[in-house]
Structure formats: structure tokens, C-alpha cells
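*Asks:* Below: one structure in C-alpha cells.
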Amino acid sequence: MQLAQWPLTQFVGTLSTTRKGGVSAPPYDSFNLAFHVGDNAEHVAENRRILHGYVANPIVWLEQVHGAEVVVVDEQFEIAQVHQADALYTRLRQTPLAIMTADCLPILLASKDGEEVAAIHGGWKPLAAGIISQTLAKFNCAPEEICVWFGPAIGPSAFEVGEDVVQAFEAQRNTAFVAKKDGKYLADIFELAQSLLREQGVKDFYGDKHCTVTMSEQYFSYRRDKTTGRMATLIWRK
């Protein structure tokens, strides 16, 4: 388990899992938290039970669809309902919001006063579709009053993409992409997300930019292994 290293720990709880500490067998070894990847459902349920032991209340999960939909978790929210979206936002206390990844970028956001929090599934498709601006629009505070933490994701030396992805981020072409001789590009998803957040006025960023592909003992990676598990990154108001 990892915690966000940022100046909000007094007000905001965070948790980012690794592949270690669970009961799943290879190739999902061992702390896979996703039911949809082919793992034994009983193993996934046990892994989620272990994760629930670290938080006070039931976790809010999404069916992530690589879009730009943001779910607001408020007093009327039904946790038993399946929500198709790629970001969660709340002002409720002790309500953990979860994003699952295995190369995509988990993005945690919180107002500096700890009153508002959000979690974003930062794959390139949600980023291109406007998931960042859609999530920031839910906040009552100004963008410069928001802190951001980036979890582990595919690193810039491993994320090979085609021209279609580059064209989706034309404004970031010169800063987030490095052309290869074969017509492909290496993409920096951390820089993509940070650039989009900066465009909206966000200024404070944290995170170690761990690469899920190269750090194979610590993280699941779909790009590396294809059949694999998923990590979870959580945020909640204390």
C-alpha cells in the first residue's frame, strides 16, 4: 500500500495498492481487485475484503468505460448501483472513491481545505475526451486551490502510440510525445495530464511517476502482460 505524499494528509485520506498482499494466483498474483479480468471471483472478493479493512466505509467503485462521465457521490447516491463513468467526485466525509488501473494514470484531486475530493481514471481516451475539465467543473473551489497526486502508470519509455493519439493532443505534441523512426511515438501520460490540468489553472502536483511496465514486481501492467490484475487508487475526506 502507498499513500499520497502531499500536504493534505490531515484532511484527506488516500491509498494506492500494489500487486502484493492478496490471495489471487498467477497471472493475477496477488492483490487483484477487478472482477472483469478473468480472475477467480472468490479471490477478488477476498482481496476487496482486505482492502475494505483499511477504510471506514464501503468503497465506491465504477465500471470504467474510457469516457468523460463524472459521477457525483452525494446523499442521494446509491452505492449498490453500477455506474459507468471514469471519474468520481464527492463532498461527503468518509466515502472512499476508487479508480482501478493497470497502466492508465490514476489522478487524485482535493481542494486545499479538504472539503472536496475526486478520483480520475486517466487513460489517454478519457484525457482526450475531456475528463479533466469535466471533473474540475464539479469543484466549487477555484482550480488554483486544488492539489493533484499522480499514481503509478505506464512510463514515457514504455508507452508507444500512433499518430492518432498524438493528433488527439495537438496542443501537447511537442512536450508529451517523442517521435520514433518507425512512425510511432513515445508518450508521457504524466505530462499529458499535467499539461491539461495546468491549462485549467491547477498548479500543485505531487507523485513519484512510478512506471507500471518496468516495475513488474510492484505493479500490474496490461501493456506488459495482457492477462493481469488491476490496482486501486482511493481518496476520501477524513
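The values are calculated or read from the model by the stated rules, or taken from the named source; none is laboratory data. Values in this document were obtained by computation on a predicted structure and should not be read as measured data. Note that each Cβ is placed from the backbone with ideal geometry, even for glycine, and that neighbours are counted across all protein chains shown.
*Asks:* Looking at Glu144, Glu116, Glu78, which is the one that is more than 13 Å from the chain's Cα centre (by Cα), modelled with pLDDT under 95 and charged (D, E, K, R)?
*Replies:* Residue meeting the stated conditions: Glu78.
*Asks:* Still on this structure, I have one more. Hey, among the residues in region 166-187 that are touching a helix residue (DSSP H, G or I) at 6+ places or on another chain (Cβ under 7 Å) and β-branched (Val, Ile, Thr), which one's farthest from Cys104 (Cα to Cα)?
*Replies:* Thr175
*Asks:* Right, here's the next one. Just the residues that are part of a strand (DSSP E or B), farther than 17 Å from Leu3 by Cα and in contact with a His (Cβ under 9 Å, 6 or more places away or on another chain), please, taken from region 101-122.
*Replies:* If the condition is that a residue be part of a strand (DSSP E or B), farther than 17 Å from Leu3 by Cα and in contact with a His (Cβ under 9 Å, 6 or more places away or on another chain), then His121 is the only one that fits.
Table: residues versus (1) free of Cβ contacts under 8 Å to residues at least 12 places away in the same chain; (2) crowded, with 18+ Cβ neighbours inside 10 Å; (3) among the β-branched types (Val, Ile, Thr); (4) assigned to a strand (DSSP E or B).
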| position | (1), (2), (3), (4) |
| --- | --- |
| His66 | no, no, no, no |
| Ile79 | no, no, yes, no |
| Val82 | no, no, yes, no |
| Ala98 | no, yes, no, yes |
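*Asks:* Criterion first (touching a Ser or Thr at 6+ places or on another chain (Cβ under 7 Å), closer than 20 Å to Leu97 by Cβ and modelled with pLDDT of 95 or more) does Ala232 satisfy it? Break it down into steps so the answer makes sense when it comes.
*Replies:* Values: touching a Ser or Thr at 6+ places or on another chain (Cβ under 7 Å): yes; closer than 20 Å to Leu97 by Cβ: yes; modelled with pLDDT of 95 or more: yes.
Yes: the conditions hold for Ala232.
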